[in-house]
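Enquirer: Please find one structure pasted underneath; my questions will follow.
The values are calculated or read from the model by the stated rules, or taken from the named source; none is laboratory data. Fair warning: this is a prediction, and the values are worked out from it, not measured in the lab. Cβ placement follows ideal geometry from the backbone for every residue including glycine, while neighbour counts extend to all protein chains displayed. Calculation scope for accessible area: heavy atoms of the full protein, side chains included, ligands and nucleic acids excluded. Shrake-Rupley method; radii C 1.70, N 1.55, O 1.52, S 1.80 Å.
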Amino acid sequence: MKNIFRVLFACLLVFNAFSLSSIANADETYNYVTQWGSQEFPKDAELFPQAVAAGPSGDIFIANFGGVAKFNSKGQYFGHWGWTNYTIYHITADLSGNVYISDTDGGLIRKYDSNGNLQSQWGNNGAVAVGRPLGLAVDKNKNLYVVDGGSRIQKYDSNGNLLTQWGSAGSGNGQFNLARDVAVDPSGNVYVVDTYNSRIQKFDPKGNYLTQWGSPGLGNGQFSVADAAYLAIDSSGNVFISDSAENRIQKFDSNGTYITQWGKWGTENGQFDGPRGIAVDSSGNVYVADANNKRIQIFSLSATTTTTTLSTTTTTTTSTPTTMKTRPTLISSTTRPKPIFTTTTRAIGNIMIPPTTPKPRPTPTINPRVSTTRVAPATIRKPITVIPKSAPKAAPLLRR
């Protein structure tokens, strides 16, 4: 019997220790911040964005129909360059602020400085052949990755010298069926949108296949093959994908694990009509080229963590380093006050909800059966014998 009490007491201690530990579940939500549109452009120009790139100094470069537009982090328009009769579908920027664009129809890669001065170009008119350049991405060493013709990836140095290439048409590992866009994470791994295979493929810097994820469909982690998808990667290696046909943005970790999504069709804030290019700046703000709505929308992350214990459940909202360096001029400080987050305060919109005082955890009660305190024996009484009354005799049966 003593052993049984000891086991029960040990189980009680384990259960109490478990109740004191917390279980956290983080849900990520991206909030609409602001937007830039044609009102920032000169009267003779109109914004119809196809792609967007974030520069190292907070500059934002937008690939528009026929040219490149430049904004600063406040949303102030700084001019445009390269207005031509061709459409620029893809753009990227390196750590020095140089801007690369793909002239898809002309088969050229063009390199500009941050002020729009042409530095170099290469492609079909040179020794290195680029058939039909699409997506572009630059790694930390200023090497440029180019999606060429939808079935191969080419890697160049910053001067346009071909370093390596890989890929072919097909559905196997390392093959593509209309590769559309490319991105590089901080470790140098390369991610490619394989459009009609409805997947993202991941490679090392030399082009060796690593993994893939995705399938046709409309669910979480699935991709529509009806239209283009574009890539961006943040400083933590998270992958953002704009699904143009489904008017949404999906976020994954570097291994392809689904994290969150936002967006639907519409013209309101946070809604899209054919989102295309996407970029993430050094603060984690997400820029989306909302093409058919002719605007750039900006979003920031608000992470809400729910902590559950045996005695109480609390929700905390913590600020993340996604605050714009300077609040865009399109939003006045009176309509959007800057929230001050603490580790115990929830924010719903602009309303700050003070923390609730958690209830104290109950002190575990020790089973008295295992107490070492000697208890005086109770007085033993003799049982009382109750003699039931005899049952009445049954009436005799009458005979006829």
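Enquirer: Taking residue 225, is it over 20 Å from residue 100 (Cβ atoms), open to solvent by 20 Å² or more (accessible area, probe 1.4 Å) and either modelled with pLDDT under 95 or not hydroxyl-bearing (Ser, Thr, Tyr) (or both)?
Expert: Yes, satisfied.
Enquirer: Here is a follow-up. With region 106-218 as the region, which strands (runs of 3 or more DSSP E) entirely inside it contain at least 2 residues that are within 23 Å of residue 95 (Cβ to Cβ)?
Expert: 108-112, 118-123, 133-138, 144-148, 152-156, 162-166, 179-184, 190-194, 199-203
Enquirer: Out of (1) out of contact with any Gly (no Cβ under 6 Å at 6 or more places or on another chain); (2) open to solvent by less than 10 Å² (accessible area, probe 1.4 Å), what's the single condition that is false for residue 170?
Expert: (2)
Enquirer: Can you report the number of residues in region 200-210 which are open to solvent by 40 Å² or more (accessible area, probe 1.4 Å) and either among the small types (Gly, Ala, Ser) or over 23 Å from residue 279 (Cα atoms) (or both)?
Expert: Residues flagged as open to solvent by 40 Å² or more (accessible area, probe 1.4 Å) and either among the small types (Gly, Ala, Ser) or over 23 Å from residue 279 (Cα atoms) (or both) within region 200-210 amount to 4.
Enquirer: While we're looking at this one, here's another question. Confirm whether residue 184 is open to solvent by less than 10 Å² (accessible area, probe 1.4 Å) and among the aliphatic types (A, V, I, L, M). Working first, answer last.
Expert: Working: open to solvent by less than 10 Å² (accessible area, probe 1.4 Å): no; among the aliphatic types (A, V, I, L, M): yes.
No.
Enquirer: Name the residue, out of 189, 238, 247, 197, that is polar (S, T, N, Q), on the phi > 0 side of the Ramachandran plot and buried (at least 17 other Cβ atoms within 10 Å of the Cβ).
Expert: 247
Enquirer: Restricting to strands (runs of 3 or more DSSP E) lying wholly in region 230-289: which have 2 or more residues that are in contact with a Ser or Thr (Cβ under 7 Å, 6 or more places away or on another chain)?
Expert: 239-243, 248-252, 275-280
Enquirer: Take residue 232 and decide whether it is touching a Leu at 6+ places or on another chain (Cβ under 8 Å) and open to solvent by less than 20 Å² (accessible area, probe 1.4 Å).
Expert: When the stated conditions are applied, residue 232 does not pass them.
Enquirer: Which condition does residue 68 not pass, out of (1) of a type in the set (A, V, I, L, M, F, W, C); (2) under 25 Å from the mean Cα position of the chain (by Cα); (3) at pLDDT 80 or above, if it passes all the others?
Expert: Unmet for residue 68, out of (1) of a type in the set (A, V, I, L, M, F, W, C); (2) under 25 Å from the mean Cα position of the chain (by Cα); (3) at pLDDT 80 or above: (2).
Enquirer: All but one of (1) modelled with pLDDT under 95; (2) under 12 Å from the mean Cα position of the chain (by Cα); (3) of a type in the set (D, E, K, R) hold for residue 234; state the number of the condition that does not hold.
Expert: (1)
Enquirer: Please verify whether region 10-22 includes one or more residues that are within 26 Å of the chain's Cα centre (by Cα), among the small types (Gly, Ala, Ser), modelled with pLDDT under 65 and surrounded by fewer than 15 Cβ atoms within 10 Å (Cβ to Cβ).
Expert: Just the residues of region 10-22 that are within 26 Å of the chain's Cα centre (by Cα), to begin with: 22.
Pick out the ones that are also among the small types (Gly, Ala, Ser) and you get 22.
Retained after the next criterion (residues that are modelled with pLDDT under 65): 22.
Still in the list and also surrounded by fewer than 15 Cβ atoms within 10 Å (Cβ to Cβ): 22.
Yes: one or more hits.
Enquirer: For residue 107, indicate whether it is modelled with pLDDT under 90, of a type outside the set (Val, Ile, Thr) and closer than 16 Å to residue 159 by Cβ.
Expert: no
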